[in-house]
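Where a number appears in this text, it was derived from the coordinates with a stated rule and is not lab data. Values in this document were obtained by computation on a predicted structure and should not be read as measured data. All Cβ positions, even for glycine, are placed from backbone atoms using ideal geometry, and neighbour counts span all protein chains on display.
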Amino acid sequence: MENARNKAEVLQGTLILLVLQTLESLGPLHGYGVARRIEQISQETLQLNQGTLYPALLRMEQEGWITSCWSTSENNRKAKFYAISATGRKRLVRETEDWRRISSTIERFLELQTSSPAKGRS
Amino acid sequence: MSWASVQAARLRGLLRSFRGRTHLDDELDDEVQFHLEMQIEDNLKAGMDPAEAKQAARRSFGSVAAMQQSYREGSSITLIEEAAQDLRYALRLLRLSPGFAFTAVMVLTLAIGANTAMFSVLNTVLLQPLPYHAPERLAVLWTEDPSRNFREGRSALWDVQQWRAHSRSLEDLATYDAMSMFLTGPGGVEQITGAGISPNLLPMLGVQPLLGRGFTAEEVAQGQRHILISHGFWQARLGGSPGALGTTLTVNNRPSQIIGILPPGFQVARLNADIWEAHGRPEGVRGREAWFVMGRLRPGATFEQAQADITAGASQWREQLPAEARGRTIRVVPLNLYLVGAQSRMGLWMLGGGVFCVFLIAAANVTSLSLARSAVRMREIAMRAALGASAARILRQLCTEGFLLALIAGLCGTLLASVFIHLIRAFGPDNLPRLKDAALDPLVLACALAITLLAGILVGLPPALALLRRDLRPSGAEGGRSVSGGVGVRRVRQSLVVADFALAIMLLAGAGLLIRSWWNVSGVDPGFRSERVLVMELSAPMALSVPAKQSLYQQVLETVQALPDVEQAGYIGELFKQNNRQEMVTVDQGNNGTASGRLQFSAEEISAHLLQALGTPLLRGRPFSNQDRPETTPVAIINDAMARRSWPGKDPLGRRFKLGPLDSASPWYTVVGVVANVRAQGPEREAFPQMFVPLAQSTPPRTLDLFLRTAAKDPQRMANTIRKAVHGLEKNASLGAAASLEEQFGAYTAERRFQTALLIAFSLTALLMAAVGINGLIQYSIATRTQEIGVRLAVGAQTGEIFRMILAEGLKLGLIGIAVGMPVALLLGQAGANLLFGVSPTDPATLLVVSILPVAVAAASCVVPARRAMRIDPILALRQY
């Protein structure tokens, strides 16, 4: 139970990054495809409530980071496809940089923590 | 940047939603459908059976409804969408009960309109600053002698010089006065309103002429004849052309050059004039006490300091004043207070309070009616809450109805206010400065908006809160009874009705007292008969000698008397006095004793038969006759007030008196008649001593008021006929505009009539609203007590008892309201006692009569519902159980 909740919290903040990255690497994709891809790559450690994807996609479209159009899917069904836009690419670059910076800072912080008790002992 | 594009997208979504169900909703459904189908396919491929696949798909998707909600909120501006929904719903509800909607809107429209109009009046008369620089530092200065009741007296120029020299708090002082001026034009000589001012008056007020420039002290000292003209005069007579600047007009037979044109609407305090002249200071001479004085405080000084300053400084020059002037004091009055006196201010603020009370009553009534309606919607509200509406959402929806009513009423009310303002401008009293400027300017419109919002809150919030406070369970047996509103709503409505009546009695008491005062004022005998009397000011040219003037006046009078339709005619120096003079009068007491004393006094020259013409009763003695000529003994007729003051308890006929001290050179007058008092300062001021002397025996004054009582249908034509006759007799004489005596005398009470009329209107409106309120409440009460009444009837009560029961319920509320409101009415009466005349604020008779009215209204409003209650069929009523 707690695991699921933790996973959900982590996901909220990074959903935009994940969606943009997915669309960048896989090209135009429908909502279901994006959801499956995220679950695949994260190797089932991130299990999002798939429904929460759609309001996020709406928001991203309003921001101008992605565009949408209706088309036919691989099995001849009508589906709404999303693609990343130029603005979206810029956003992706920024989000990636932010994420890398934060995670390396935290990495360093954790290293310091683990090394100091050893110092104290000697 | 991106925030803007998000908001823009949401706005687009909003606009799309107004055109019906959105495309976006359908698309989302399709997407969700696709997603679930794909997930189910994958689940099937993974080996689940169909039912399991579906369930798993749904589970991994999460709550569709919650997602849809979230999506909708993101795609549009839901606040506005919901507000639009609420508005549509509220409109629909109002259409379903047109009676309520009409009553509510009408009542609120009246209230908002009246309040907006009243605020506009208060704004222009009291709140807006005067059109001068720093008007809060301007003051008017009076020379007074309070021990002799001599107030608001004018001052001499030399005195003003001393004040300027010795005052530390006053930055500057200027003088002004009205002057009669005669303009010589191609059509003859015409009398126009003029004014004389000191050269520093315009700079002190901070007023710049629209064109040209003002006066300078040097030019005045050199004796140059310059004039300033008013904007109205410039437009009307000189065509508003800039070329008028620099031209010369013949004023008082002297060429005067126009050096400036004043801004539109320019006035000095109450003084309005077409032509303005400057006067200098006569060196070495004190000058007559004839000038109005205005002063400006130094920045940082207060009026009290200026007053103290001048009073202290007065001792320094007191010795240089003539004997009779030494006892005088100087009073400094802020300009605002002079223009609108304390009494008028009080009257206006009270009217403002009154009209706000009417607004509160109106709001209370509509709230009360709203509460009744909202009680019926309990089930609907409970359902909404069960379906997931938040308390805030429900509150918003309930309030929308109230706000909608207020908004409609606000629009109609603003239109109504413009009608009211128009009426006030046309019929309001003239002595309230700037009343004619009242208009719907932006500040007034802002006030209308504020009042509308207030109405919306008062009308929308209480029913909403009342409903929310109830237990929002879906209805059952409990819900059925709570539909009838329960005790809580009933109590609130009852207290609203009580408040209605309390406010109504306050207004009624005020109106009643003012009506009594007005009645008393009307009953004051003016001392003359004013019907069908015209008054015109006749002026003889200065150049005319004394005998020539006498002859002119005589000839004009004979001509006028000979005209058909003229019943009586006569002259008097001035009938209505602006100010009182103080005169020393020496009186012969008989037994060789004389007494001298100061009297607030006026002396007038009159033609022989004027007093008869006016209809002033002769109490003793004889009127003037043609026997009273320059060579016979100087005679005088005095009024009753003077007789009582100078010869108390004795018969004044045959006694003598003179003006001035015993040794003065003025002649002794013999009293030949005593007439009733003429109210020369309006019906509300006490009559003061007056003496009349025959025109034939005195030096003819420059101007006289010509009176004629005429049956003529067209007074203007008569005036023109007379004017032509005067012009024929003497080219340079002039006759002013004709005014009706009734109107002139009526002007004294114009303000009182205005206040009384308004307060009557307010109190009747309040009473009407209280009637509507109590009627609604009683009807509602009967509707909710139908079962109870049915039971009573079934168990054996008489229909008469039911009738009395209902009536008693209504009367009880009315009486409680009166009991609550009466003490407040008494308090307010004390505060506004200055406005009353001849009646005390706690006059029992008035208050009693005034209390009967609301009781009668309460009874009458309850009668119809009570009769209906009597006719309730007990069987039907019980079946409702």
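Could you state the per residue volume, in Å³, of the convex hull enclosing the Cα atoms of the stretch B:521-620?
In the stretch B:521-620, the Cα convex hull volume per residue is 188 Å³.
For the stretch B:145-280, what mean projected area does the convex hull of the alpha carbons give, in nm²?
Orientation-averaged projected area of the Cα hull: 9.9 nm².
For the stretch B:591-653, I need the span (max minus min coordinate) of the C-alpha atoms along each principal axis, in Å, sorted largest to smallest.
32, 28, 20
State log₁₀ I(q)/I(0) for the stretch B:301-384 at q = 0.18, 0.27 Å⁻¹ as given by the Debye formula over alpha-carbon point scatterers of equal weight, solvent excluded.
Once normalised to I(0) and log-transformed, intensities are -0.92, -1.17.
Based on the Cα gyration tensor of the stretch B:777-881, what are the three equivalent ellipsoid semi-axes, each the root of five times an eigenvalue, rounded to whole Å and given largest first?
After diagonalising the Cα gyration tensor, the semi-axes are 41, 11, 9 Å.
How large is the translational diffusion coefficient of the stretch B:262-405 in µm² per second when you combine the Kirkwood radius over alpha carbon pairs with Stokes-Einstein at 25 °C and 0.890 mPa s?
My calculation gives 107 µm²/s for D.
Roughly speaking, what % of Cα-Cα pairs in the stretch B:643-748 are separated by over 19 Å, rounded to a whole number?
Within the stretch B:643-748, distances greater than 19 Å cover 65 percent of Cα pairs.
Using the structure shown, list the pairs from B:LYS549/B:LYS650; B:LYS577/B:LYS658; B:LYS436/B:LYS724 with a Cα-Cα distance above 28 Å, or answer none.
Table pairs above 28 Å Cα-Cα are B:LYS549/B:LYS650; B:LYS436/B:LYS724.
Among the aspartates and glutamates, select those whose C-alpha is under 19 Å from the C-alpha of B:LYS713, and discard any that sit fewer than 8 residues away in the same chain.
Straight-distance partners of B:LYS713: B:GLU531, B:ASP565, B:GLU567, B:GLU742, B:GLU743.
Within the stretch B:524-619, list the GluC sites (Glu not before Pro) lying in a DSSP loop whose Cβ has at most 15 other Cβ atoms in a 10 Å radius.
Answer by residue number: B:GLU531, B:GLU574.
Taking the Cα centre of the protein assembly as shown as the origin and placing charges on Cβ (Lys, Arg +1; Asp, Glu -1), which of B:ASN115, B:ILE872, B:PRO700 is farthest toward the positive end of the dipole?
Projecting each Cα onto the dipole axis, the largest value belongs to B:ILE872.
Using Cα pairs under 8 angstrom and six or more residues apart, how large is the relative contact order of chain B, in percent?
So the answer I get is 15 percent.
Mind ranking B:325-335, B:241-251, B:268-278, B:403-413 by how tightly packed they are, going by the mean number of other C-beta atoms within 10 angstrom, highest first?
B:403-413, B:268-278, B:325-335, B:241-251
Partner chain Cβ atoms within 10 Å, averaged over the residues of A:61-70 - can you pull that number for me?
Counting other chains' Cβ atoms within 10 Å and averaging over A:61-70 gives 3.
Above 53 angstrom, tally the Cα pairs of chain B and express them as a % of all pairs, no decimals.
Across chain B, Cα pairs with separations above 53 Å total 39 percent.
Determine the shielding of peptide B:64-74 by partner chains: average, over its residues, the number of Cβ atoms on other chains within 10 angstrom of each Cβ.
What the average comes to for B:64-74 is 4.
Given H placed on each backbone N at 1.01 Å, which residues far from B:ARG622 in sequence or on other chains put an amide H within less than 5 Å of it?
Amide H to amide H, under 5 Å and 5 or more residues apart or across chains, B:ARG622 pairs with B:GLY673, B:VAL674.
Among the helices of chain B (complete DSSP H runs), which have Cα atoms covering no less than 20 Å along the helix axis and a Kyte-Doolittle mean of at least 0.5?
Helices meeting the criterion: B:98-122, B:342-375, B:391-427, B:442-469, B:486-523, B:750-784, B:799-831, B:844-870.
Can you pull the semi-axes for the stretch B:1-83, root of five times each eigenvalue of the Cα gyration tensor, sorted largest first, whole Å?
Values for the stretch B:1-83, descending: 34, 12, 11 Å.
Distances over 21 Å make up what percent of all Cα-Cα pairs in the stretch B:259-347?
Cα-Cα pairs of the stretch B:259-347 separated by over 21 Å account for 54 percent.
Can you pull out the trypsin sites (Lys or Arg not before Pro) in the stretch A:22-86 that DSSP calls coil and that have at most 16 other Cβ atoms within 10 Å?
A:ARG77
Arrange B:THR784, B:THR175, A:THR22 by Cβ neighbour counts within 10 Å, fewest through most, would you?
The order, fewest Cβ neighbours first, is B:THR784, A:THR22, B:THR175.
In what sequence do B:ASP172, B:ASP714 fall when counting other Cβ within 10 Å, fewest first?
B:ASP714, B:ASP172
Using the Cα centre of the protein assembly as shown as the reference point, and only Cβ charges (+1 on K/R, -1 on D/E), how large is the resulting charge dipole? Debye, rounded to the nearest 20.
1500 debye
How large is Rg over Rh for the protein assembly as shown, taking Rg from the Cα atoms and Rh as the Kirkwood inverse mean of 1/r across Cα pairs?
Result: Rg/Rh = 1.16.
Given charges of +1 on the Cβ of Lys and Arg and -1 on the Cβ of Asp and Glu, with all other atoms neutral, how large is the dipole of the stretch B:583-652 about its Cα centre, in debye to the nearest 20?
260 debye
So which aspartates and glutamates can B:LYS54 reach, going by Cα to Cα under 14 Å and dropping same-chain residues fewer than 8 places off?
Reachable aspartates and glutamates: B:GLU37, B:GLU41, B:ASP42.
Going out from 0 in 10 Å bins, what whole percent of all Cα-Cα distances in the stretch B:717-796 drops into each bin?
Spelled out per bin, shortest first, that is 14, 17, 14, 13, 11, 9, 8, 6, 5, 2.
Tell me which residues come under 5 Å, amide H to amide H, from B:ALA278 once H is placed; ignore anything under 5 positions away on its chain.
Under 5 Å from the amide H of B:ALA278: B:ILE197, B:HIS226.
Give the order of B:CYS357, B:CYS862 when sorted by the count of other beta carbons within 10 angstrom, beginning with the fewest.
B:CYS357, B:CYS862
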